[in-house]
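**Student:** Please see the structure below; I have some questions.
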Amino acid sequence: MLKKVFASAVFGVDASTITVEVNVNSGIGYHLVGLPDNAIKESNYRIAAALQNNGYKIPGKKITINMAPADLRKEGSAYDLTLAVGILAASKQIQANDLEDYLIMGELSLDGSLQPIKGALPIAIKAKEEGFKGFILPIQNAKEAAIVSDFKVYGIDNIKQIINFFDKSEAIEETIINTREEFYKNLDYPDFDFADVKGQEGIKRCMEIAAAGGHNIILVGPPGAGKTMLAKRLPSILPPMSLKEALETTKIHSVVGRVKANSGLMAQRPFRSPHHTISNVALVGGGSYPQPGEISLCHNGVLFLDELPEFKREVLEVMRQPLEDREVTISRAKFTVTYPSSFMLVASMNPSPSGYFNDPDSPITSSPAEMQRYLSKISGPLLDRIDIHIEVTPVPFDKLSDERKGESSIDIRKRVTEARERQTERFAESETVHYNAQMHVKQIRTHCKLDDASKALLKTAMERLNLSARAYDRILKVSRTIADLEGAKDIIGSHLSEAIQYRSLDREGWLG
């Protein structure tokens, strides 16, 4: 007897429906075809034990299973439940008349309990699009899949539940979550707060500007000046994600199985801080069957690269194109996947190998050759893509010992959100540009017009600092953000001069 069961395979951040055809007839043998990987080929051992421990068995007949489309590679252990239910239905051990109305996935343990799967959210989105009645999956992933509105999701913890659902019409409790309630639940309780930071008012101002316009920023200063502490607090002042952004972010984390168990939508912006020994594949994504890298896992959030010159040069260089295009395309011989990677880059570095360059009180100095070797790991084109360069100085004792609390992240975020709302209104007609850092040349010319005095000021700065054309555009973008924070319609000289001073690494005596 032939039975069809439906599952799904995830490529990039989208899912494709897989039809599992199970045919049982006279003879002996177990044949699994349709480009399964080793994890799927081993599933018959898990299925046999799980069925036996729940009062059923794999029949001693010829079983042929085809996973269509047969030319598409399938991988992972998430098809165990699909295959098990198909075998039971095809061998008439259970009645399953409406089996084809549901999408079924889950990894089986030997006792019949279910382990979580990857990619539950993109699978649920595809299943709804294709008109399935519901999605049956492990209970650990149920909340994640239930984000999809107007679609039935059934979370189960044992194969016995799905057998009774089809064979005995026993109901499974539907998982329903209020997406908006989940989304706003943890919004106003950041783990790290700017109120804890003593002093550093100028750096906080820089962080506010970076957050308001989505600008990349690099912090340069000696050890212990507070660079890492400040970077970790940046997500707390970023505007809340929209529901669309939250769905995009959750989708990427779902693909790699990083959504926390029993949690639905990701409401907090991601913050990723990879170690400097990371490979370029781990950073941008890849592998034989490409997976998203760190730059995609921090989509709509912050990527923090601590001690930037310690990263391998080729690792930093692969970021240049994603920083401009805000997506990364990974090509292989048989297929190509594109992952979104719209993130804020926050980098920190010591000014020299010893960390105390330009510090007259330090007894440790580095030779010019050591300095050159240290700083040459960061290329000019990469620095050009960082809008704000700022020096961080150590906090004096009287500020450290001050008992007064600084301004809280929630108060700063209100100003940042207001500035972002102005930008959203400005770019309402554009589908790809939502805030100032994303502006293209055409939008810069339209929204960053300067008066004659401001033009003269910028011309002098360009000549003295020997700035590139890209740096010119970056200064205009940052000026526009400073104006938005003040609620100003036009950019004036004070906005421009503040933006110019945030290009400290372009000054003579740093790089070159």
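The values are calculated or read from the model by the stated rules, or taken from the named source; none is laboratory data. Since the structure is predicted, the reported quantities are computational estimates derived from the model, not experimental observations. Here the Cβ positions follow ideal geometry from the backbone for every residue, glycine too, while neighbour counts run over all protein chains shown. In case anyone asks, the SASA skips ligands and DNA or RNA and just uses the protein heavy atoms, side chains included. Shrake-Rupley method; radii C 1.70, N 1.55, O 1.52, S 1.80 Å.
**Student:** How much net charge surrounds Ala231 when only the other residues with a Cβ under 13 Å from the Cβ of Ala231 are counted, with Lys and Arg +1 and Asp and Glu -1?
**Tutor:** So the environment of Ala231 carries a net charge of +3.
**Student:** Counting other Cβ atoms within 10 Å of each Cβ, which GluC sites (Glu not before Pro) in the range 423-471 have at most 14 and sit in a DSSP loop?
**Tutor:** Glu429, Glu431
**Student:** Working out 0.36 nm times the residue gap between Leu35 and Ala428, then minus their Cα-Cα distance, what length gain in nm do you get to one decimal?
**Tutor:** Using 0.36 nm per residue and subtracting the Cα-Cα distance, I get 136.9 nm.
**Student:** At 20 °C and 1.002 mPa s, what whole-number value in µm²/s does Stokes-Einstein give for the translational diffusion of the range 290-335, with Rh from the Kirkwood sum over Cα pairs?
**Tutor:** Calculated translational D: 177 µm²/s.
**Student:** Do any trypsin sites (Lys or Arg not before Pro) in the range 432-511 lie in a DSSP loop with no more than 13 other beta carbon atoms within 10 Å, and if so, which?
**Tutor:** Lys449, Lys489
**Student:** Which sequence of Thr249, Thr446 reflects their accessible areas, 1.4 Å probe, from the largest down?
**Tutor:** Sorted descending by solvent-accessible area, the residues read Thr446, Thr249.
**Student:** Helix-only estimate, please: 222 nm mean residue ellipticity of the chain, summing -39500 (n - 2.57) across DSSP H runs of length 4 or more and dividing by its residues, to the nearest 500.
**Tutor:** For the chain, the value works out to -10500 deg cm²/dmol.
**Student:** At 1.4 Å probe size, put Phe166, Phe11 in order of accessible surface, largest to smallest.
**Tutor:** Ranking Phe166, Phe11 by accessible area, largest first, yields Phe11, Phe166.
**Student:** Taking the Cβ of Gly29 as the center, what net charge do the other residues with Cβ under 13 Å away carry, scoring Lys and Arg +1 and Asp and Glu -1?
**Tutor:** +2
**Student:** Non-local amide H neighbours of Leu32 (under 5 Å, H modeled in plane, Pro and chain starts lacking H): which ones?
**Tutor:** Amide H neighbours of Leu32: Ile65.
**Student:** Still on this structure, please answer the following. Let me check against my output: what whole-number percent is the relative contact order of the chain, with C-alpha pairs under 8 Å and at least 6 apart?
**Tutor:** In percent, rounded to a whole number, it is 13.
**Student:** Give me the 1.4 Å probe accessible area per residue for the chain, excluding ligands and nucleic acids, in Å².
**Tutor:** 45 Å²
**Student:** If you take the charge dipole of the chain about its Cα centre, with +1 on Lys and Arg Cβ and -1 on Asp and Glu Cβ, which of Thr228, Met462, Met344 is farthest toward its positive end?
**Tutor:** It is Met344.
**Student:** Still on this structure: Just flag the GluC sites (Glu not before Pro) in the range 70-172 sitting in loop per DSSP whose Cβ has no more than 14 other Cβ atoms within 10 Å.
**Tutor:** Answer by residue number: Glu130, Glu170.
**Student:** Once amide H atoms are placed 1.01 Å from N in the peptide plane, what residues at a sequence separation of 5 or more from Val328, or on another chain, have their amide H within under 5 Å of its amide H?
**Tutor:** Tyr339, Ser341
**Student:** Leaving out ligands, DNA and RNA, and with a 1.4 Å probe, what % of the accessible surface on the range 96-220 is carbon or sulfur?
**Tutor:** Using a 1.4 Å probe with all protein chains present, the range 96-220 comes out at 43 percent carbon and sulfur.
**Student:** Could I ask something else about it? Based on Cα positions only, what radius of gyration and what Dmax would you give for the range 14-107, in angstroms?
**Tutor:** 12.6, 39
**Student:** Placing +1 at every Lys and Arg Cβ and -1 at every Asp and Glu Cβ, with all other atoms neutral, what dipole size does the chain have around its Cα centre, in debye to the nearest 20?
**Tutor:** 920 debye
**Student:** What does the accessible area of Asp191 come to, in Å² to the nearest 10, when a probe of 1.4 Å is used?
**Tutor:** The accessible area of Asp191 comes to roughly 140 Å².
**Student:** Quick one, which of (i) 22.7, 76; (ii) 21.5, 70; (iii) 27.6, 90 is the actual Rg and Dmax of the Cα atoms in Å calculated for this model?
**Tutor:** Answer by label: (iii).
**Student:** Let me ask another. Can you pull the one-decimal nm distance between simple spin-label points at Glu421 and Asp398, each 7 Å off the Cα toward Cβ?
**Tutor:** 3.9 nm
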